[in-house]
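Notes to accompany the following structure.
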2 protein chains.
Amino acid sequence: MVPHLTTALTGPLLELEKQFLDRASEIEKWFRIQWQDHLPPFYGSTDLRNSGFKLAPVDLNLFPGGFNNLNDAFMPLCVQAAQAAIERICPDASKLLLVPENHTRNQFYLQNVAKLVSILRLTGLDVRIGSLLPDVTAPTVLELDNGARLTLEPLRREGGRLGLEGFDPCAVLLNNDLSGGVPAALQGLDEQWVIPPLHAGWHFRRKSRHAEAYDRVAREFAATIGIDPWHINPEFGVCGQINFQERTGEECLAHQVDTLLTRIRAKYKEYGIADEPFVVVKADAGTYGMGVMTVKDASEVVGLNRRQRNKMAVVKEGLEVHEVIIQEGVHTFETVDGAVAEPVVYMMDHYVVGGFYRVHTERGRDENLNAPGMLFKPLAFETCCTLPDSAQGPDAPPNRFYAYGVVARLALLAASVEIEETEPAADALAV
Amino acid sequence: MVPHLTTALTGPLLELEKQFLDRASEIEKWFRIQWQDHLPPFYGSTDLRNSGFKLAPVDLNLFPGGFNNLNDAFMPLCVQAAQAAIERICPDASKLLLVPENHTRNQFYLQNVAKLVSILRLTGLDVRIGSLLPDVTAPTVLELDNGARLTLEPLRREGGRLGLEGFDPCAVLLNNDLSGGVPAALQGLDEQWVIPPLHAGWHFRRKSRHAEAYDRVAREFAATIGIDPWHINPEFGVCGQINFQERTGEECLAHQVDTLLTRIRAKYKEYGIADEPFVVVKADAGTYGMGVMTVKDASEVVGLNRRQRNKMAVVKEGLEVHEVIIQEGVHTFETVDGAVAEPVVYMMDHYVVGGFYRVHTERGRDENLNAPGMLFKPLAFETCCTLPDSAQGPDAPPNRFYAYGVVARLALLAASVEIEETEPAADALAV
């Protein structure tokens, strides 16, 4: 059973939620038309922040790793949406190879893989797991804490195809974000569907390109339903040539931070918001919440000490940070029993299939809740995101979850646009 | 809460269910490919009969009237599937006009309409209800026993468009089976989507054409997964020129009944089935369980008495019966507390969205459970039909419901084929 999130739902009543509720028909029609022009990603998840005056995505993950955190009641929704995703991308597939991250001890992640495998199997796919780990040289069974079991198998590359011993799949689904680059085994698979496309990996993706696409999507959406896009759209800036260890690029960073804070202060004034503005400095490529800094004044990014520089200089898999995005910080005013909660919305194809709260007892409202070693408590959404109820207030759980689903889908749509626009020419020729 | 259907699930263990479970990947792939070639109906429901040795559809309804009987837990599935249906058929629709049956007192039916409206509204459509009843001359509010309310409004025809006062919809969804023919208001709507197409109405549809399409679908499916199609396919015959009141055509009917019973007896012998075979004689056009007769020997259809003739001669809306289908009877061996239970599976687009049992305490295993004035107790499926669980026996509820979903989808696919093949030439030109 899922506890009631009453404490999380007593935040300031959002005019935004009411707008979403009142304009639900237009919103859904708008999305329908958008999805005719843009191919939805196979799957994705959005981290949202809700400050009461702003409901905005702060991350869009194209390799979602928390399917295990979803409410089991959402399983049929996941299966149905996965069927739609497969029909859209690889309808003739019957065998699918799943390539996960190289974690063999992270129980949470492995349970995510197990859940994902079971969802895909329920669509009728024959699913097996191929590991990029060099020490997986024979089928390796992992018994998970929750009773599930996973078999990792060594990959076999033959010409333009990737498979396993005795398993020649039609499609390769990545649940590995490619932060460390594209492994040789995954390069040039021109005879198979690779989902998502390789250029959606973090070796190539940039948060700023996503933010730029989101900015356009959010503006168009806001114009359609008649809201100020600022309510759903975090401001951002980019510094493209920074070297934390060598202390170059600090001026650019300080300048961008200052510009952004000035713009945010003006908006806070316009809307009578008394909170203190802040920005978040993040590595432009990379994930896992590494290389992230909360900043309230430009002076904080000048003359970083060694510890701070080390923290910012490298992200997952030792990737060096030379480009950063400076993003408007969005306070989290949702709490569960006094702990800060950040909603995460899960999508397959263009359908919202569920979500959960990342609840962290030791972090503040202006801090990143997705941090290395972070011990968050997942709290599955108790209802789904597709049943708004106009008979209830805009803040009632089904309506708040609907609003989450709307903003999460905007971020997903931005990811579609981003993937289209960043498709390398070589891939374009191969298609 | 939904009671456990334990009594219904203790029937003979079906080899068939095991086959479906073992071959689920192939089955789902097969369906995926079929749905690429055939447009799924917007919605549909299938009445199934399960004799333990045969699991077969006995009716496929293109205007399903029992959405109110579904488990509320399936609402998100319905909404998601309805979104898919709208995207496929009328993606640019924002206003939808629902035209229901002309019932104003049948609470069960009206609750179905209310449920359907709420599902469609949750996809973001602006939905209103237009009544074909001549005495609905102003908006008429019906308060339903379950607290829901419906507003019926008079239709307004303007040129090639149908609407309401101040409401010009992009799509017209029929929940009226057109048994009495196509009303003038619905003819020639060449500027709007009409869903399903008019030729799917019972003024035009023939059970025998559906049975013929189902026969082909079932054979192809059976060949794919390696089963005898007889396990899922009821035998049938047709008599095209019958007049019950004038007692013409009785010989044809008797001959067909005899031929069919002989074929069924041979199959019963082949499979060592001790039950007594029977056939069901039905009006080839028409629904609502009118004009239906259970027959165990050809002699029973010769020299019908006045009461029997009257029963068979006319169906819903006074339509005269001149064509009948003779269909192999499938015993119902599912029971709930000793009462006979017949599963009904609901689908939107090509997705199974739920189902319920029609439970009837006063009817036998070889009788039609969908009869006029019938008082069945609906019993919503407790789990959905898309989560088979190979860790459980083939007879466990999720697996039995999966098998129901497979056969129901075969009937839905047959309806797609039937609708394609019976499309009138004029419509073909208009498309």
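Can you pull out the GluC sites (Glu not before Pro) in the range B:202-256 whose DSSP state is coil and whose Cβ has at most 14 other Cβ atoms within 10 Å?
In loop regions of the range B:202-256 (DSSP not H, G, I, E or B), the sparsely surrounded GluC sites (Glu not before Pro) are B:E246.
Picking from A:A285, A:A185, A:A266, which is most flexible by a Gaussian network model of chain A using Cα springs under 10 Å?
A:A266
Net charge near B:I273, counting Lys/Arg +1 and Asp/Glu -1 over other residues with Cβ under 10 Å of its Cβ?
Local charge sum for B:I273: +1.
With a 10 Å cut-off between alpha carbons and a GNM built on chain A, which of A:I326, A:I227, A:I33 moves the most?
For chain A, modelled as a Gaussian network with Cα springs under 10 Å, the answer is A:I33.
Read phi for every residue in the range B:143-155 and hand back ³J(HN,Hα) as whole Hz from Karplus 6.51 cos²θ - 1.76 cosθ + 1.60, θ = phi - 60°, with x for Gly and Pro.
Working through the residues one at a time gives 8, 8, 4, 8, x, 6, 9, 10, 10, 8, 10, x, 6 Hz.
Which one, A:S208, A:S25, A:S390, has the greatest fluctuation when you compute a Gaussian network model over chain A with C-alpha springs under 10 angstrom?
Its mean-square fluctuation being the largest, the pick is A:S25.
Only loop residues by DSSP count here, and only those with at most 13 other Cβ atoms within 10 Å; note down the chymotrypsin sites (Phe, Trp or Tyr not before Pro) in the range B:226-278 that meet that.
B:Y271
Between the range B:227-276 and the range A:222-252, how many Å separate their Cα centres?
One Cα centre to the other: 74 Å.
In chain A, which whole DSSP H runs stretch at least 18 Å along their own axis (Cα) and average 0.0 or higher on the Kyte-Doolittle scale?
A:75-89, A:107-122, A:397-421
Whose amide H sits under 5 Å from the amide H of A:F333, counting only residues 5 or more places off or on another chain, with H placed in the peptide plane?
Amide H neighbours of A:F333, under 5 Å, 5+ apart: A:N50, A:S51, A:G52.
Which net charge results for the neighbourhood of A:A396, defined as the other residues with beta-carbon distances under 14 angstrom from its beta-carbon, given Lys and Arg at +1 and Asp and Glu at -1?
Every neighbour counted, the sum reads -2.
Lone cysteines in chain A, going by a 4.7 Å Cβ-Cβ cut-off?
Among the cysteines of chain A, those whose Cβ sits 4.7 Å or more from every other are A:C78, A:C90, A:C170, A:C384, A:C385.
Give me the log10 of I(q) over I(0) for the protein assembly as shown at q = 0.05, 0.07, 0.11 Å⁻¹, as the Debye formula computes it from C-alpha points; what are the numbers?
-0.31, -0.60, -1.30
Taking a label point 7 Å out from Cα toward Cβ, give me the nm distances from A:T151 to the same spot in the other copies, shortest first, one decimal.
Distances between equivalent label points, in nm: 6.0.
What residues qualify as long-range amide H neighbours of A:K95, i.e. H under 5 Å apart, gap of 5 or more or another chain, H built at 1.01 Å from N?
A:D126, A:C170, A:A171
Distances in nm, one decimal, shortest first, from A:G181 to the same residue in every other copy, taking the label point 7 angstrom along Cα→Cβ.
So the distances to the same position in the other copies read 7.7 nm.
Please report the Cα spread of the range A:72-203 along all three principal axes, rounded to whole Å, starting with the longest.
41, 34, 31
Quote the relative contact order of the range B:72-203 in percent (integer), defining contacts as alpha-carbon pairs under 8 Å separated by 6+ residues.
25 percent
Near the amide H of A:Y43, under 5 Å away, which other amide H atoms are found, from residues 5 or more places off or on another chain, if H is placed in the peptide plane?
Amide H to amide H, under 5 Å and 5 or more residues apart or across chains, A:Y43 pairs with A:D349.
Give the range of the longest stretch in chain B that excludes all trypsin sites (Lys or Arg not before Pro) found in loop regions by DSSP and having at most 15 other beta-carbon atoms within 10 Å.
Excluding the exposed sites themselves, the longest stretch runs over B:106-246.
What are the ³J(HN,Hα) values, in whole Hz, obtained from phi via the Karplus relation 6.51 cos²θ - 1.76 cosθ + 1.60 with θ = phi - 60°, for each residue of the range A:330-347 in sequence order, with x given for Gly and Pro?
Running phi through 6.51 cos²θ - 1.76 cosθ + 1.60 with θ = phi - 60° gives 10, 4, 9, 9, 9, 9, 10, 6, x, 8, 6, 10, 10, x, 10, 10, 9, 9 Hz.
Of all DSSP beta bridges in chain B, what percent run antiparallel (nearest 5)?
75 percent
What are the ³J(HN,Hα) couplings of the range A:379-391, residue after residue, when phi is run through the Karplus curve with 6.51, -1.76, 1.60 and θ = phi - 60°? Round to Hz, x for glycine and proline.
Per-residue couplings from phi come out as 10, 4, 4, 7, 10, 8, 9, 10, 10, x, 10, 5, 6 Hz.
Reachable lysines from A:K377, Cα under 21 Å, same-chain residues fewer than 8 places away excluded?
Cross-link targets: A:K115.
Can you show me the helix-derived [θ] at 222 nm for chain A, built from DSSP H runs with n ≥ 4 at -39,500 (n - 2.57) apiece and divided by the number of residues, rounded to the nearest 500.
Calculated mean residue ellipticity at 222 nm is -10000 deg cm²/dmol.
Is there a pair in B:K18/B:K282; B:K54/B:K269; B:K267/B:K296 whose C-alpha atoms are over 22 Å apart, and which pairs would that be?
With Cα atoms farther than 22 Å apart: B:K18/B:K282.
Taking K and R as +1 and D and E as -1, what net charge do the other residues with C-beta under 13 Å from the C-beta of A:P40 add up to?
The answer is -3.
List the distances, in nm to one decimal, from the label point of B:T262 to the label points of the same position in every other copy, shortest first, placing each label point 7 Å from Cα along the Cα-to-Cβ direction.
Here B:T262 shows inter-copy label distances of 9.7 nm.
Rule-based calculations on the coordinates, nothing more; no lab input. This one's a predicted model, so the numbers in the text were calculated from it and none came from an experiment. Because the Cβ atoms are built from the backbone with ideal geometry, glycine has one as well, and the counts that use them run over all protein chains shown.
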